[in-house]
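Only one structure is covered here, and it is reproduced in the block below.
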Amino acid sequence: MDRGIAELWTLAVTDDSVQRAIPLLDAAEQERASRFQVEPPRAAFVATRGALRQLCAKYLNLADGREVTFAWNEHGKPYLPGSGLQFNVSHSGKVAILGFTWEQRLGVDVERTGRRGDIRGIASRFFHPDETARIQADADPLQAFYRCWTAKEAYVKAVGTGLTLGLDSFCVRLTGEKPGIVGQPEWSLQCWNPAPGYMASAAVEGVVRFLHRDEPIF
């Protein structure tokens, strides 16, 4: 993978992916997994963390994911000390997204789209006014809402400042030839459906080509 490319992987959280991931987790991750009181979130955490380790090992030319060492910044975001490999992950339900670049900040987000609720009210409360207006005018407001939501979450994760960046403090553009962050042409943005009933987005600092990988992770 060269600089200027963002590679995006989709992981199905299944019994098989969980079992393949378990041996890759370190003691702290195993202990964290044991604290989950509900099985679906535990399975998603185990499968996603194991897949992250395995893919980091692939990019770093290590034997397997057990050789990967993580550190955490002041906002609790993990990184690979001494490496230019950047990564971010997100999981919802039975789907996880893992994104990778070299030396370019990135964030990913995935959400199930079946939950309707008061999408217009949520958008009006948390989104930029221009985004809210576009969602209300869209032929499919539910899909427009999830495109906007995942795109904004991906950008917040890429910036890496946690909840200190309000969702209404910036505006995403999801229509036209080049989706992006309004007023910030140095950021690249992509939204897609990784599986039926799911919406995902990736935000990357810099002009990049998004490459979706479909090879087995384990």
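Table for the structure above
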| item | result |
| --- | --- |
| Candidate set: region 1-27, residues that are assigned to a loop (DSSP other than H, G, I, E, B) and out of contact with any helix residue (DSSP H, G or I) (no Cβ under 9 Å at 6 or more places or on another chain); chosen: the one surrounded by the most Cβ atoms within 10 Å (Cβ to Cβ) | Gly4 |
| Long-range neighbours under 7 Å by Cβ, at least six apart or interchain, first residue under 25 Å from Thr10 (Cβ atoms) and at pLDDT below 90 within region 110-127, second open to solvent by less than 100 Å² (accessible area, probe 1.4 Å) and part of a loop (DSSP other than H, G, I, E, B) | Gly114/Gly197 |
| Per-region count, region 28-86, residues open to solvent by less than 20 Å² (accessible area, probe 1.4 Å), touching a helix residue (DSSP H, G or I) at 6+ places or on another chain (Cβ under 7 Å) and either within 19 Å of Ala12 (Cβ to Cβ) or among the aromatic types (Phe, Trp, Tyr) (or both) | 9 |
| Residue check, Val172 open to solvent by 10 Å² or more (accessible area, probe 1.4 Å) and at negative phi | no |
| Residues satisfying the stated conditions in region 119-172, i.e. within 30 Å of Pro78 (Cβ to Cβ), touching an Asp or Glu at 6+ places or on another chain (Cβ under 7 Å) and not β-branched (Val, Ile, Thr) | Phe126, Phe127, His128, Tyr146, Cys148, Trp149, Glu153, Ala154, Lys157, Ala158, Cys171 |
| Qualifying residue in region 176-184 (condition: of a type in the set (A, V, I, L, M, F, W, C), in contact (Cβ under 8 Å) with a residue 24 or more places away in the chain and open to solvent by less than 40 Å² (accessible area, probe 1.4 Å)) | yes |
| Condition broken by Tyr79, with the remaining ones in (1) at pLDDT 95 or above; (2) aromatic (Phe, Trp, Tyr); (3) within 16 Å of the chain's Cα centre (by Cα) satisfied | (1) |
| Residue in region 146-162 that is in a loop (DSSP other than H, G, I, E, B), of a type in the set (A, V, I, L, M, F, W, C) and open to solvent by 50 Å² or more (accessible area, probe 1.4 Å) present | no |
| Complete set of residues in region 185-218 that are open to solvent by 30 Å² or more (accessible area, probe 1.4 Å) and either touching a Pro at 6+ places or on another chain (Cβ under 9 Å) or over 25 Å from Leu167 (Cβ atoms) (or both) | Gln190, Cys191, Pro196, Val207, Arg209, Leu211, His212, Arg213, Asp214, Glu215, Pro216, Phe218 |
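The values are calculated or read from the model by the stated rules, or taken from the named source; none is laboratory data. Owing to the predicted nature of the structure, the values given are computational and were not obtained by experimental measurement. Cβ coordinates were reconstructed from backbone atoms using ideal geometry, including for glycine residues, and neighbour counts include every protein chain displayed. Just the protein is used for accessible areas: all its heavy atoms, side chains included, with ligands, DNA and RNA removed. Shrake-Rupley method; radii C 1.70, N 1.55, O 1.52, S 1.80 Å.
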